[in-house]
Structure formats: C-alpha cells, structure tokens
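The values are calculated or read from the model by the stated rules, or taken from the named source; none is laboratory data. For clarity, every value in this text was computed on a predicted model and none was experimentally measured. Don't worry about glycine lacking a Cβ; one is built from the backbone with ideal geometry, like all the others, and counts go over all protein chains shown.
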Amino acid sequence: MPISRRPVNRGPAAAAANRAALVDAARRLFTERGYRVPLHAIAQEAGVGQGVLYRHFPARLDLAIAAFEDNFRDLEEAASGDDAGALGRVWDLLVAQTLREAAFVEMAVEARRTHPVYDGDTRLERLVGQTLPAARAAGLVDEATTVGDVLLAWRMVFGVVVTAATPEAAAADVARLEMPYVSRARGDVR
C-alpha cells in the first residue's frame, strides 16, 4: 500500500503566494456568497489552513479590505482625467461593482463603524468630488448637486441590490431608478 504524502510546508517562502491565494479566494467567495462567508471556507478555497489565513489577516475586515482594493484602483482610473464624462464613468463603475459585489459595500460599512483608520469613505468622496466640477461645468449635473447627493444615490442603489430577490431583479430595479443628475452625467437625459 503506498504511503500518502503530506503536503510540504514551505514556511516563509510561501507567504506571498499564500497571501495572494487568500485574497483571490476571498474576493471570489465574498462575491458569490456575501460578506459573511465563513473564513474557513476562504482558507479552504485558497488551499491553506486557517492559521495561515489569520497570520496574514487577523480579522475578516482586514481580508475584505485587501480583497476589494482593486475596486478602488478601478474607480481611481475611471476618475482620471478632467473631462466631463469622468463622473459618469465613476458612477457606472460604482453601480456595476455594487451589483456584482455587494460585499464591497458591506465591508465599507463595517470598516466605517469599526476600523477608524480605514479611508474608503474619504477615497470615494474624493473621487466623486474631483469629477463633479467638470460635470457641473458641462451642464451634465445641476449646480446644486453635491458629493453627498451622489453618494446618497449610491447608497440607494445598494439598498435595492441587497433587498432584491435575485441578482437579475437587482439589476433590473437599479436600471429603473430615476436619478436625473447621475443620468445626465452619463449623457442619458430623457
């Protein structure tokens, strides 16, 4: 009878690969199963033990912040440039991320409440704030529209997403929302 071999623990040499595997697995499972997916499922999906997960990410929030960092990088790219369409690009991407990964918003809400050094709110406010003036100047957004107005609309989208019966229903309901200042920023004036 053959002797089964146990996986070899490569120790510190595997740290970077283990961390990357955990971030990839977390992003996938947060997207598929929500923010409260069991952490042992993420470790298993990444092919590591829970001890390895906790060594890299002592709390769920630490893992979620790492998993969703790409969302902010993508938003920053959409906001780059000083053209009037930047606000529409940021809005479209923010809505798409929310539809695809509601766990991203759940993570941001938890971070706001429990992680005082988390800067996600500030980063998002800055992105909307830097794109709003060009949209206003081009007449795509009402002069009275504030960063808070845009973020309130985004929170409304999140509410629709998390209360819809299915992802398809969420997408259909979000498409039906009337948010004129955001629609004009995209060039969809009706």
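Quick notes
- You will find that of G47, G85, the residue that is in contact (Cβ under 8 Å) with a residue 60 or more places away in the chain and farther than 24 Å from P167 by Cα is G85 and no other.
- Restricting V160, V141, V147 to those that are closer than 15 Å to V105 by Cα and surrounded by 14 or more Cβ atoms within 10 Å (Cβ to Cβ) reduces the list to V160.
- Of all residues in the stretch 83-135, those being under 24 Å from A169 (Cβ atoms) and part of a helix (DSSP H, G or I) number 18.
Each row is one residue, and each column tells you yes or no for (1) of a type in the set (G, A, S); (2) at pLDDT 95 or above.
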site: R6; (1), (2): no, no
site: G11; (1), (2): yes, no
site: R33; (1), (2): no, no
site: I42; (1), (2): no, yes
site: A59; (1), (2): yes, no
site: D62; (1), (2): no, no
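- The set of residues from the stretch 91-109 being over 14 Å from D70 (Cα atoms), in contact with a helix residue (DSSP H, G or I) (Cβ under 7 Å, 6 or more places away or on another chain) and either surrounded by 17 or more Cβ atoms within 10 Å (Cβ to Cβ) or aromatic (F, W, Y) (or both) comprises W91, V95, L99, A102.
- R113 vs. criteria among the basic types (K, R), free of Cβ contacts under 8 Å to residues at least 24 places away in the same chain, in the same structural domain as V174 (by TED's automatic domain parsing) and within 29 Å of R36 (Cα to Cα): yes
- Lone qualifier among V23, V52 - being within 15 Å of the chain's Cα centre (by Cα), farther than 21 Å from F158 by Cβ, of a type in the set (A, V, I, L, M, F, W, C) and crowded, with 18+ Cβ neighbours inside 10 Å: V23
- Condition check for V117 on (1) closer than 24 Å to L151 by Cα; (2) surrounded by 14 or more Cβ atoms within 10 Å (Cβ to Cβ): one failure, at (2).
- The residue pairs whose first member lies in the stretch 51-65 and is assigned to a helix (DSSP H, G or I), whose second member is surrounded by fewer than 14 Cβ atoms within 10 Å (Cβ to Cβ), and whose beta carbons are closer than 8 Å, counting only pairs six or more residues apart or on different chains, are H56/A15; L61/T114.
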